[in-house]
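The values are calculated or read from the model by the stated rules, or taken from the named source; none is laboratory data. These numbers come from a predicted model, not from an experiment. Ligands, DNA and RNA are excluded from the accessible area calculation, which covers all protein heavy atoms including side chains. Shrake-Rupley method; radii C 1.70, N 1.55, O 1.52, S 1.80 Å.
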Amino acid sequence: MKLKIIKSLWGMTGTLEEQFARIAQGGYDGIESGVPHPKVACKFKKLLNDYKLLHVLQIYTAGDDHTKSFINQYKDAVKWNPLLIVSHSARDCMPFDEQLEFFETALTWEKQLGISVGHETHRHRAFFTPWATAAILREFPDLKITADFSHW
């Protein structure tokens, strides 16, 4: 196994071209971003290819139906053939049973389409504390997490 070092576009400044150049010059293996806006999709794909960078995609469930939001965003993200999808999943205020339904559906889609999902530990999300995360992982040991310890 070889460790892959990924740089997020979050917080970066400059043009897309400048950001990709800095990431490549920094020796990173890839980038993390949301699904690129359709206006820059072709340019984004070209830059990934030109700099030979891997892509980790972030999605953010929202609205009244986080499960439907996840499915729609996951299907869009899979089209990019990312190395991994990182999801800010569900909400901390959702009833536990609803969170379990959400993660059961997320695992089903992951198994069907084959792109791994790391559910991020993050404030306001289902994995907002170590205790909440542990309770869900006991129910679904196959879930993967992306640990953002700055939010615990």
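Using a probe of 1.4 Å, the accessible surface attributed to residue 139 totals some 110 Å² when neighbouring protein chains are kept in position. When a/c is below 1.5 the answer is rounded, else prolate if a/b is larger than b/c, else oblate, so apply that to segment 76-147 with a ≥ b ≥ c taken from the square roots of the Cα gyration tensor eigenvalues. Note, shape of segment 76-147 comes out prolate.
Cross-link reach is defined here as a Cα-Cα straight distance under 19 Å, omitting same-chain residues fewer than 8 places apart; for residue 52 the lysines meeting it are 2, 4, 7, 43, 79. The Rg/Rh ratio of segment 1-57, with Rg taken over Cα atoms and Rh as the Kirkwood radius over Cα pairs, comes to 0.94. In the chain, helices alone account for a calculated mean residue ellipticity at 222 nm of -13000 deg cm²/dmol, with every DSSP H run of four or more residues adding -39,500 (n - 2.57).
For the chain, relative contact order (Cα pairs under 8 Å, six or more residues apart, normalised by length) works out to 17 percent. For the chain, the share of accessible area belonging to carbon and sulfur comes to 55 percent (1.4 Å probe, ligands and nucleic acids excluded).
The distance linking segment 20-65 with segment 112-136 is 22 Å (Cα centroid to Cα centroid, whole angstrom). Over segment 100-148, Cα pairs under 8 Å with separation of 6+ residues give a relative contact order of 44 percent.
Looking at the chain, the accessible area is 58 square angstrom per residue; that uses a 1.4 Å probe and ignores ligands, DNA and RNA. Among the DSSP helices (H) of the chain, those spanning at least 20 angstrom by Cα along their long axis with an average Kyte-Doolittle hydropathy of -1.0 or more are 96-113; this is a geometric and hydropathy rule only. Shape summary of the chain, radius of gyration then Dmax from alpha carbon positions: 16.0, 46 Å. Rounded to the nearest 10 square angstrom, residue 65 shows an accessible area of 80 square angstrom against a 1.4 Å probe.
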